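First up is the structure itself, then whatever we jot down about it.
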Amino acid sequence: MLTLPFFIVYGICGVSDVVDGTLARLTNTETAFGAKLDSIADILFYGVMIIRLLPNLIALFTPHVWMLIAAAAFVRLCSYIVGAIKFKKFVSLHTLMNKITGLAVFTVPFILNLTFALWYCIGVVIIAFIASAEELLIHIFSKECHTGKGGLPGLISQRREQRRAQERQIKNTETE
């Protein structure tokens, strides 16, 4: 059973995770180290949350849900591996889909005792799968380490703009 002290500490951790990034952006003090530290803290937070919630999740989830979770985790792991191999460092992107996933995962403990908890959790897993797949595709198709801002649509528009600039450059050299 989840207790009031759990929810208080959990809420403080969640709010501080959002506030630190927002303050860094507002005060123009964002750093690559801070973003990496935030990603590592997110992973640790998810790990602790899963361990604490595991008894509740075991009781709630069917084997099919566990298979969905395994698939989403596998895609996420592939994303981390591709990023590490391709860019020679740990890369976890701060895409909009990853932020939506974080918010959805964060709310799980508050939803667990409601009648629609299973369906909510299935939705969260689907969102996490999509976010993981987006990050994997960004790693695969990026030529350089991408921040994740703009997500996959941002990467696609960036690639289009680069292609247009190359085409303009070719036209300019042909007319000279």
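Residue count for the stretch 41-56 under the criterion of being in contact (Cβ under 8 Å) with a residue 12 or more places away in the chain and not hydroxyl-bearing (Ser, Thr, Tyr): the result is 8.
Within the stretch 6-21, residues that are under 14 Å from residue 52 (Cα atoms) have Cβ atoms under 7 Å from residues that are small (Gly, Ala, Ser) and in a helix (DSSP H, G or I) in no pair, counting only partners at least 6 apart in sequence or on another chain.
So which of 96, 118 ends up being closer than 24 Å to residue 21 by Cβ and surrounded by 11 or more Cβ atoms within 10 Å (Cβ to Cβ)? Reasoning before the result, please.
On the way: 118 fails: closer than 24 Å to residue 21 by Cβ.
Only one candidate passes the filter, namely 96.
One residue alone among 84, 73, 41 is surrounded by fewer than 15 Cβ atoms within 10 Å (Cβ to Cβ), small (Gly, Ala, Ser) and under 21 Å from residue 12 (Cβ atoms), and that residue is 41.
Quick note: the coordinates plus some simple rules give every number you see, no bench work behind them. The shown structure was predicted, so the numbers you read here are calculated from the model rather than taken from an experiment. When we count neighbours, we look across all protein chains shown, and the Cβ atoms used for this are built from the backbone with ideal geometry, even at glycine.
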